[in-house]
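One structure below.
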Amino acid sequence: MTHPELLHTAIDACDPRALAEFYRELLGLHYRPGDEPPAPPAPDDADWLVLLDVRDRRVLAVQGKAELRPSTWPSEDVPMQLHMDFRVPDAAELELQRERAEALGARVLMDRTQVPEEPLYVLADPEGHPFCLLVG
């Protein structure tokens, strides 16, 4: 029996380049050839950007949307619908990566680092999509 293979996860953004840059920097990814930012003064009108890992495998795509309502998590007024979990090896790395994420434009939604079984942060990316950084 064969099964479909996950190609990548696509995420919506009002500013696809800015969100792609956030995840490119946070996760150490690079653009698919042809998706790199154009040289100035050329306009950047990209509405579909694909990010690859070090082995050139697709990881994430960012799709432009004219309008987007950010999740209100933990309130369910606007549910998160999808979130990504990113693991790090230990508590020190968790703090380092939280600081990096915030410097790149994320904001902390929940701090659960005091839970010894699974310390984690829930953050929102610059477009408001929740994601988790956790020790695992």
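Inspect all residues belonging to region 66-87 and state whether any of them is touching a residue at least 24 places away in the same chain (Cβ under 8 Å), in contact with a helix residue (DSSP H, G or I) (Cβ under 6 Å, 6 or more places away or on another chain) and hydrophobic (A, V, I, L, M, F, W, C).
No.
Could you tell me whether region 33-40 includes any residue that is open to solvent by less than 60 Å² (accessible area, probe 1.4 Å), over 26 Å from residue 135 (Cβ atoms) and either in a loop (DSSP other than H, G, I, E, B) or at pLDDT below 95 (or both)?
Initially, region 33-40 is screened for residues open to solvent by less than 60 Å² (accessible area, probe 1.4 Å), giving 35, 38.
Applying the additional criterion that residues be over 26 Å from residue 135 (Cβ atoms) yields 35, 38.
Now drop any that are not either in a loop (DSSP other than H, G, I, E, B) or at pLDDT below 95 (or both), which leaves 35, 38.
Yes - at least one qualifying residue is present in region 33-40.
Scanning region 48-81 for residues that are out of contact with any strand residue (DSSP E or B) (no Cβ under 7 Å at 6 or more places or on another chain) and open to solvent by less than 60 Å² (accessible area, probe 1.4 Å), which turns out farthest from residue 15 (Cα to Cα)?
Looking at residues that are out of contact with any strand residue (DSSP E or B) (no Cβ under 7 Å at 6 or more places or on another chain) and open to solvent by less than 60 Å² (accessible area, probe 1.4 Å), I get 75.
Taking region 1-47 only, how many residues are polar (S, T, N, Q) and in contact with a Gly (Cβ under 6 Å, 6 or more places away or on another chain)?
Just the residues of region 1-47 that are polar (S, T, N, Q), to begin with: 2, 9.
Pick out the ones that are also in contact with a Gly (Cβ under 6 Å, 6 or more places away or on another chain) and you get none.
Counting residues in region 1-47 that are polar (S, T, N, Q) and in contact with a Gly (Cβ under 6 Å, 6 or more places away or on another chain) gives 0.
The values are calculated or read from the model by the stated rules, or taken from the named source; none is laboratory data. A quick note: this is a predicted structure, and the numbers were derived from the prediction, not measured. Virtual Cβ from ideal backbone geometry, glycine too; neighbours counted across all protein chains shown. Areas reflect the complete protein model, heavy atoms only, side chains present, ligands, DNA and RNA absent. Shrake-Rupley method; radii C 1.70, N 1.55, O 1.52, S 1.80 Å.
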